[in-house]
1. Select from segment 51-147 those chymotrypsin sites (Phe, Trp or Tyr not before Pro) which occupy a DSSP coil region and have at most 13 other Cβ atoms within 10 Å, ordered by residue number.
2. Let's see if you can work this out: charge +1 on each Lys and Arg Cβ, -1 on each Asp and Glu Cβ, no other charges. What is the dipole magnitude of segment 121-247 about its Cα centre, in debye to the nearest 20?
3. Under the rule a/c < 1.5 gives rounded, and otherwise a/b versus b/c splits prolate from oblate, where does segment 1-68 land using the Cα gyration tensor?
4. Report the full-extension gain for the segment K51 to S177: residue separation times 0.36 nm, less the Cα-Cα distance, to one decimal in nm.
5. Mind checking the dipole of segment 5-245: about its Cα centre, +1 per Lys or Arg Cβ, -1 per Asp or Glu Cβ, Debye to the nearest 20?
6. State the extension gain, in nm to one decimal, for the chain segment bounded by K2 and D25, taking 0.36 nm per residue of separation less the distance between their alpha-carbons.
7. Among V167, G231, A7, pick out the residue whose Cα is farthest towards the positive end of the charge dipole of the chain, where Lys and Arg carry +1 and Asp and Glu carry -1 on C-beta, about the Cα centre.
8. What relative contact order, as a whole-number percentage, does the chain give when Cα pairs under 8 Å and 6 or more residues apart are counted?
Amino acid sequence: MKKQLIAGNWKMNGSLAANEALLKDLLAGLNAPVCQIAVCVPAVYLTQCQKQLAGSAIDVGAQDVSAHESGAFTGENSAAMLKDLGVRYAIVGHSERRQYHAETDAVVAVKAQRALAAGITPIVCVGETLQEREAGKTEEVVKRQLAAVIHLNGHCISEIVVAYEPVWAIGTGKTASPEQAQAVHALLRAQLQAATSHADRIQIVYGGSMNAANAAQLLAQPDIDGGLVGGASLKAPDFLTIIAAAQ
Ligand code: PEP
């Protein structure tokens, strides 16, 4: 049976000292986890985290990857560079990148392709805004976002992780109800099933104000295969509680 994945997204938070303390507490508190675990950290801290987590049950992920292979792209990190550092995952298409960096579905699909080509698992984020939900467009939006990745990557999509992250739930304290989240996950699962015979092994994780109090209910839904956790991943006790709730 497929394991669940609990991935923390630290966003633009941390310092050498704070990261060391957080990871120390996480490692000390991990109690034979049954799920897969990752922390997606700012690029400048990848090496630090990779070193501290070497040989542990926690993998390291990046929060983005360049759509370009190499060359004159100042400030970018290529998939090959991330692989060089031992990075296992890269978030692509996070709503904050779509919103503040104008990342289109096409760019997100290329980023997923770059990650896959380098042997990094892209965590492909999809999700609707509040306005889109209220206009009844949730299904159309998430399917359009995922379709771009499917079309460019073909059979390789069996190697991706999908994160359903309703934009209105990210960092707002408003969580999708387990039923709302399950309904969208089921749609995404069906879309993946139509695209690959290996859809059942693709983890579809939920993100959006997942916390120690609501994780167990969300993670108990049949098509929720884990969580992408922002704010709560910065507090070791909360992140450990979410990990313990996973299957
Ligand atoms: C995220 O940034 O991916 C996220 C889900 O954030 P939060 O858990 O803080 O809503």
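Readers should treat all values here as calculations from the given coordinates under stated rules, not as data from a laboratory. As the structure is a prediction and not an experimental result, all values here were calculated from the model. Reconstructed Cβ throughout: ideal geometry from the backbone, glycine too, with neighbour counts over all protein chains shown.
1. Listed in order of number, the matching sites are F73.
2. The calculated dipole for segment 121-247 is roughly 100 debye.
3. oblate
4. Contour length minus the Cα-Cα distance gives 41.6 nm.
5. For this selection, approximately 220 debye.
6. 5.6 nm
7. Of the listed residues, the answer is A7.
8. With pairs under 8 Å counted, the relative contact order is 22 percent.
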